[in-house]
1. How big is region 227-297 in terms of Cα radius of gyration and Dmax, in angstroms?
2. Mind pulling the angle between the C-alpha long axis of helix 14-23 and the longest principal axis of the chain? Nearest 10 degrees, somewhere in 0 to 90.
3. Could you tell me which trypsin sites (Lys or Arg not before Pro) in region 1-96 are loop residues by DSSP with no more than 16 other beta carbons within 10 angstrom of their beta carbon?
4. Given a Förster distance of 51 angstrom, what is the FRET efficiency for Gln268 paired with His10, based on the Cβ-Cβ distance and rounded to 0.05?
5. List the GluC sites (Glu not before Pro) within region 25-132 that fall in a DSSP loop (any state other than H, G, I, E or B) and whose Cβ has at most 14 other Cβ atoms within 10 Å.
6. Estimate the FRET efficiency between Tyr24 and Ala279 by the formula 1/(1 + (r/R0)^6), using the beta-carbon distance for r and 51 Å for R0, to the nearest 0.05.
7. Could you work out the local net charge near Thr157, counting Lys and Arg as +1, Asp and Glu as -1, over the other residues with Cβ closer than 13 Å to its Cβ?
8. For helix 40-49, report the angle its Cα long axis makes with the longest principal axis of the Cα atoms of the chain; keep it between 0 and 90° and round to the nearest 10°.
Amino acid sequence: MDEKYKNVLHLGNPTNTLAVLNRYQFSFQKKFGQNFLIDDNIIHKIVREAGVTKDDFVLEIGPGIGTMTQILCEQAGAVAAVEIDEKLIPILQEDTLAAYDNVTVIRADILKTDIAALVQEYSGGRPVKVVANLPYYITTPIIFALFESGTPLHSVTVMVQKEVADRMQVGPGTKDYGALSLAVQYYARPQVLLTVPAGCFMPRPKVDSAVIRLERYEKPPVQAEDAEFMFGIIRASFNQRRKTMANSVCSNPELGITKEKMASALAQCGFAPAVRGEALTLEQFAELSNILINLKKSKE
Ligand code: SAM
């Protein structure tokens, strides 16, 4: 560890966390998904697995009292931490992160933040690594916001609910497979790194957790002529899992696909008319949506 940080009180244990919480009379806000890490080993593992170096800019979503932020500041070139709870801002700025000169704490709701603009302002052109113990109530929208922000992301290493990590990683034919799996796998290579027991958090969450790393592809692994349209097809296919894909897609007026065109596209791909979305790979969704786009154009 760098000499200049040797006097920092690290928070990755129950005693030091409680001391800070008591000093500021902080009470946890359930509505913000606040479960703070109290295990130093796990924090170091996450930062190590994220491969953070002095050449990197790290975006942390939800620093809490700054437990992981401290370690990120010690390993990264620069860190920006976006926190929604205004009660945490003085704790971070005046106390737990006061020793670090490479961190910017931003009080904001990440879902209302222009992520690309923020990164441009603070990254100084360095690769962007997102590292976070995410608030579980908004995991999926945050993942979508990150990938759709147009930010030059290198990777996203995040703690999520174990079940959600599984959904991001699975392939066709399993009950967990769905729109989230396909969206994540279009943008990134997912890898579940470790599972984390509830005892590593304060307060203890009711669910198991896991750390997943999403390494962004330079180019998506499939060629969709119109990715937005493909995701429209994907979302419609999984919206009503018990319906056939043809029924779900054709009953969505926004997609504008007639039964005839759908039947023709399915046949061209070699799928049975009653096929369900859960049977198709990402590549097959791309192929089907490319055919549908051309059918739409040709006879409109
Ligand atoms: N990183 C800390 C840790 O590991 O101890 C805290 C993690 S806690 C699971 C999630 C954090 O995200 C909380 O600090 C919470 O206040 C914050 N948060 C919740 N919703 C948010 C939002 N929309 N934008 C930014 N931060 C948010």
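Since every read-out is calculated from the coordinates, none of them should be taken as a lab result. Just so you know, these numbers come straight off a predicted model, no measurement behind them. Methodologically, a virtual Cβ is constructed for each residue, glycine included, from the backbone with ideal geometry; neighbour enumeration extends over all protein chains shown.
1. Answer for region 227-297, Rg first and Dmax second: 10.4, 30 Å.
2. Tilt of helix 14-23: around 80 degrees.
3. Details: sites: Lys4, Lys6, Arg23, Lys30, Lys31, Lys45, Arg48, Lys54, Lys87; in loops: Lys6, Lys54, Lys87.
Answer in residue order: Lys6, Lys54, Lys87.
4. 0.30
5. Working: sites: Glu49, Glu60, Glu74, Glu83, Glu86, Glu94, Glu121; in loops: Glu86.
Those that pass, being in a loop and sparsely packed, are Glu86.
6. Details: r = 53 Å, r/R0 = 1.03.
Step by step, r from the Cβ atoms, then E = 0.45.
7. Values: positive: Lys45, Arg48, Lys129, Arg189, Arg213, Arg216; negative: Glu49, Asp56, Glu60, Glu215.
Here the charged neighbours net out to +2.
8. The two axes meet at around 50 degrees.
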